[in-house]
Amino acid sequence: AASSNASTIIDFDVNLSGSVRESFDDNITFTKENKKEDFITSTRVGIEAVYEGKNRGLKLSGNILQNTFFDHTGYNSLAEDFTAEFINELSKYDRIFLSDTYSRAEEPRSFEDAFGSTAGRYRIQKNEFSLGYSREINSQYGLTARYSNAVNTYSRQDMADSYLNSLGLQFGYRESSEFSLSGTYDFTYRHFDPGSHAMTNSLGALARAYLTSRLYLDANTGISFLNAYDKNSYVKPYLGVAVTDEFNENTRGTVFFTRRYDTNAYSQDLFGYWRVSAALTRKLTQRLDTECSFFFGDGEYKSSDVRDKLSGINLGLNYDFKDNVRGGLTYGYSRVDSNLSSREYAKNTVSAGLTVKF
């Protein structure tokens, strides 16, 4: 049954959206030699349904994106992503939460996805599931237990599918609204089919400190004990630092740095890397806003001695024609330099699009 509100179905608030984007990509194959360029029309339909009850909430969302190439029609593809998020307060002090996300695409969706990945164009299917339980011991102390699973499958026969299972515990202390600190333990087990497996045990600490009412610091540091695919063992420190400044109601900026050794979903090898990224958003007028992001990463696969450097920038300008109609112009540049020439590429992308919400 549906209520009198057309956007509410069985206590769910439902939002529909659609978009059309026209892009020019000067390297659709992500290669250094024999590059191909093309114009691409991307048509998307999306839905979001949200339920908020007294003690529980559920959010369902999905998008289907059709990419149509003007010249190289053999690259036409359908991309999808679907997400479910659920939270249930068992009592005043206990809650459980779970989420599951499925996606299928033929291109990296972010600099983080592209960094350390296998070169070339291929279809990636991912499913990421997480389950957690949190217990508030008192106003200052809390405990969280979590489990997650990730599956990555690839359309290329020379790439093995990756499976990841992870368990974690976090004990948190909240001194005040300005400072919190947590101790963490994580265990991960990644295996490839066909292939071998690797395990990681990590001990660390998380902290958030507000330096002012608008400026805050997040830090994550610790040590990882890695049993690699070749049966060798390593002990490596890791560090992550993020600084976020909400300069004013119209401007927000973040700078993030991380350094660590870890497994990833693309290779049966340990990947040691450092990377830095930055993002800035600014509302220029009531209807016009701009955004900019930057990424640089330097990583090396330990056994194969393959070393990659990825740099990139995204620029965007958005305008709200109406409350439910938004237009955007974007420019993106990314470049991979490597000691293995077959992994190198550079690409520029320019696009314009329109999004409508119903």
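What follows draws every value from the coordinates through simple rules; no lab data is involved. Small disclaimer: the values here were computed from a predicted structure and weren't measured. Glycine also receives a Cβ, built like all others from the backbone with ideal geometry; neighbour counts cover every protein chain displayed.
Whole-percent P(r), region 148-297, all Cα pairs, 5 Å bins from 0: 2, 8, 13, 15, 16, 15, 12, 9, 6, 3, 1, 0. Counting pairs of alpha carbon atoms under 8 Å apart in space and at least six apart in sequence, what relative contact order in percent does region 262-358 give? RCO, region 262-358: 20 percent. Taking θ as phi - 60° and the Karplus parameters 6.51, -1.76 and 1.60, the scalar couplings of region 88-95 work out to 9, 8, 6, 7, 4, 10, 10, 8 Hz in sequence order, x denoting glycine and proline. Between 193, 269, 245, the GNM of the chain built on Cα springs shorter than 10 angstrom shows 193 fluctuating the most. Helical runs (DSSP H, four residues minimum) scored at -39500 (n - 2.57) apiece and divided by the length of the chain put the mean residue ellipticity at 222 nm at 0 deg cm²/dmol.
Grouping the Cα pair distances of the chain into 10 Å bins from zero gives a pair-distance distribution of 5, 18, 29, 30, 16, 3, 0 percent in increasing distance order. Ranking 93, 182, 140 by how far each Cα lies toward the positive end of the dipole of the chain (charges on Cβ) leaves 140 at the top. Each listed q (0.22, 0.26 Å⁻¹) maps to a log10 I(q)/I(0) for region 24-67 from the Debye sum over equal C-alpha point scatterers, namely -0.80, -0.90. When the charge dipole of region 25-120 is built from unit charges on Cβ atoms (+1 for Lys and Arg, -1 for Asp and Glu) and taken about the Cα centre, the candidate among 34, 115, 70 whose Cα reaches farthest toward its positive end is 115.
With Cα atoms as the point set, the radius of gyration and Dmax of region 300-357 evaluate to 17.7, 54 Å. Each of 278, 314, 325 was scored by the projection of its Cα onto the charge dipole of region 250-358, and the greatest displacement toward the positive side belongs to 325; charges sit on the C-beta of Lys, Arg, Asp and Glu. Per residue, the convex hull spanned by the Cα atoms of region 94-214 amounts to 137 cubic angstrom. Sorted largest first, the spans of the alpha carbon positions of region 55-147 along the three principal axes are 62, 28, 17 Å. Restricting attention to the chain, close to 100% of DSSP beta bridges with both partner residues there are antiparallel. Using only Cα positions of region 133-189, each an equal point scatterer, no hydration layer, compute I(q)/I(0) via Debye at q = 0.16, 0.18, 0.31 Å⁻¹ and quote the log10 values to two decimals. Treating every Cα as an identical point scatterer, log10 I(q)/I(0) equals -0.62, -0.69, -1.15. The amide H of residue 76, built 1.01 Å from its N in the peptide plane, has 69 as neighbours under 5 Å, considering only residues 5 or more places off or on other chains.
Normalised radius of gyration for region 1-135, please: alpha carbon Rg relative to 2.2 N^0.38 Å, two decimal places.
Details: Rg = 19.6 Å, N = 135, 2.2 N^0.38 = 14.2 Å.
Cα-based Rg divided by the globular estimate yields 1.38.
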